[in-house]
1. Could you please find all residues in segment 85-110 being part of a helix (DSSP H, G or I), of a type outside the set (D, E) and free of Cβ contacts under 8 Å to residues at least 60 places away in the same chain?
2. Mind listing just one residue for me: the one in segment 125-166 that is open to solvent by 40 Å² or more (accessible area, probe 1.4 Å) and in contact with a Phe, Trp or Tyr (Cβ under 9 Å, 6 or more places away or on another chain) and, of those, nearest to T84 (Cα to Cα)?
3. So, in segment 25-58, how many residues would count as being at pLDDT below 90 and of a type in the set (D, E)?
4. Scan segment 110-120 and give yes if some residue there is surrounded by 17 or more Cβ atoms within 10 Å (Cβ to Cβ) and either at pLDDT below 95 or within 14 Å of the chain's Cα centre (by Cα) (or both), otherwise no.
5. Name the residues in segment 158-200 that are more than 26 Å from V213 (Cα to Cα) and part of a helix (DSSP H, G or I), would you?
6. Considering segment 182-197 alone, what residues qualify as being among the hydrophobic types (A, V, I, L, M, F, W, C) and open to solvent by 40 Å² or more (accessible area, probe 1.4 Å)?
7. Anything in segment 56-80 that is open to solvent by 50 Å² or more (accessible area, probe 1.4 Å) and assigned to a helix (DSSP H, G or I)? List them, or say none.
Amino acid sequence: MGRFQQLLAFVTIGLASWGALAPAQAQSAAPAEPAEIIAFGDSLSAGYGVGPGESFPEQLQAALAKAGLDVKVVNAGVSGDTTTGGLARLDWSVPASADLVIVELGANDALRGISPDVTRRNLDEILKRLTARPSTKVILAGMISPPNMGEDYARRFNPIYAELAQTYGVAYYPFFLDGVASVAALNQADYMHPNKDGVAVVVERMLPLVQQVLAKG
């Protein structure tokens, strides 16, 4: 084989090898998308009364980033929302691309004395729709009836969350305001909404569960 033919063969083989490797190299170089978490709830998720960077979604994202996780926490909280309102906006508030949805609804149902049967029915439908999505995980955050609603109301309302979490096999956080409710220093003047320090406590206590669910893949 002449020198020119040898050179041509070398170049041809080199180009073929590069062409075979290039797609794999390009694919491996593409950055992974951050996990998408949707905080789907009412004013407790929306960040009522706290400043920029102090809401539950923002503090949760910061805590997860500090733990080395690449996530985007989207605030899908609407102040004053009930489970009825949440169900009505579910499909457009929570995209199908969500990797994890934290459902935090029901506090306003209890405050307004809405029938626990209505609350159960709405949360049941919300969980049914979310768990039907093959790539979406769910954490159901529980709520407790305020004492002024009476024992009968509490008896019907409080068990809803644990029972539905078991029915749908989703992760369960028993009380969203655990460690914060009734602690004056952690609440705003209305004594119902956590201040920034209260939100930090909520995030700190819920963080292990969020990490556990995300790690399941």
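1. Hits for segment 85-110 are G85, G86, L87, A88, R89, L90, W92, S93, A110.
2. The extreme case among them is K128.
3. 1
4. Within segment 110-120, not a single residue is surrounded by 17 or more Cβ atoms within 10 Å (Cβ to Cβ) and either at pLDDT below 95 or within 14 Å of the chain's Cα centre (by Cα) (or both).
5. Hits for segment 158-200 are A184, A185, L186.
6. V183, A184, A185, A189, M192
7. Of everything in segment 56-80, those that are open to solvent by 50 Å² or more (accessible area, probe 1.4 Å) and assigned to a helix (DSSP H, G or I) turn out to be E58, Q61, A62, A65, K66.
The values are calculated or read from the model by the stated rules, or taken from the named source; none is laboratory data. None of these values were measured; they are calculated from a predicted model. Methodologically, a virtual Cβ is constructed for each residue, glycine included, from the backbone with ideal geometry; neighbour enumeration extends over all protein chains shown. Note: areas computed on protein heavy atoms with side chains; ligands, DNA, RNA excluded. Shrake-Rupley method; radii C 1.70, N 1.55, O 1.52, S 1.80 Å.
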